[in-house]
Amino acid sequence: MKNIVVFTMETRGDVQPYIYLTQALIKEGHKVTIVFDIIKNSSNDIYESCKNKDLVIVSHSDFAERLYKLEVSVTPIKASELSEEKLINAINELKTNYSKIYNCVVDLSKKMQEENGLLNAVRLIKSATDLI
């Protein structure tokens, strides 16, 4: 079993194809997280189409929080709270903690490489599209 993260954005028409892909990946026994931002009040339709209890759905801001908790990112700023001051503070936070964040990113990427994720993702996508 692999942990797979799928990123997409915009409206239901952009998100829906990835829902089908993630469902195929889950059928193969993988844990899948899909990350998207809800736009144009499409959330109810999208959530209704994702009745698979094994599918984890998070927004971009939630995913940013997860990256922060893994110590591979600075403190997230929500789009609605973005200001010049907060952006400057984030840049300064990165400067101050650059070595620590860099080392955490290196460690995380080594773990990801060991999973051979890209090759497996391509294989899974190909097998899912062969079914169509």
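Coordinate-derived values only; no laboratory data. Source: prediction; values computed, not measured. Using ideal geometry, Cβ is built from the backbone for each residue, glycine included, and neighbour counts are taken over all protein chains shown.
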| remark: Of the listed pairs K2/K27; K27/K126; K27/K110; K2/K126, those with alpha carbons more than 24 Å apart are K27/K110
| note | For the stretch 110-116, Karplus-derived ³J(HN,Hα) couplings (6.51, -1.76, 1.60; θ = phi - 60°; whole Hz; x for glycine and proline) come out as 5, 4, 5, 5, 4, 6, 6
| said: As an exercise, use a Förster radius of 30 Å and the Cβ-Cβ distance of E85 and D62 to find the FRET efficiency, rounded to the nearest 0.05. | reply: 0.80
| query | Taking amide H positions as placed 1.01 Å from N in the peptide plane, with prolines and chain starts having none, which residues 5 or more places from V5, or on another chain, fall under 5 Å of its amide H? | reply | T33
| Working out 0.36 nm times the residue gap between T8 and N120, then minus their Cα-Cα distance, what length gain in nm do you get to one decimal? | 38.4 nm
| query | So between I77 and L94, what do we pick up on full extension, going 0.36 nm a residue minus the alpha carbon distance? | reply | 4.8 nm
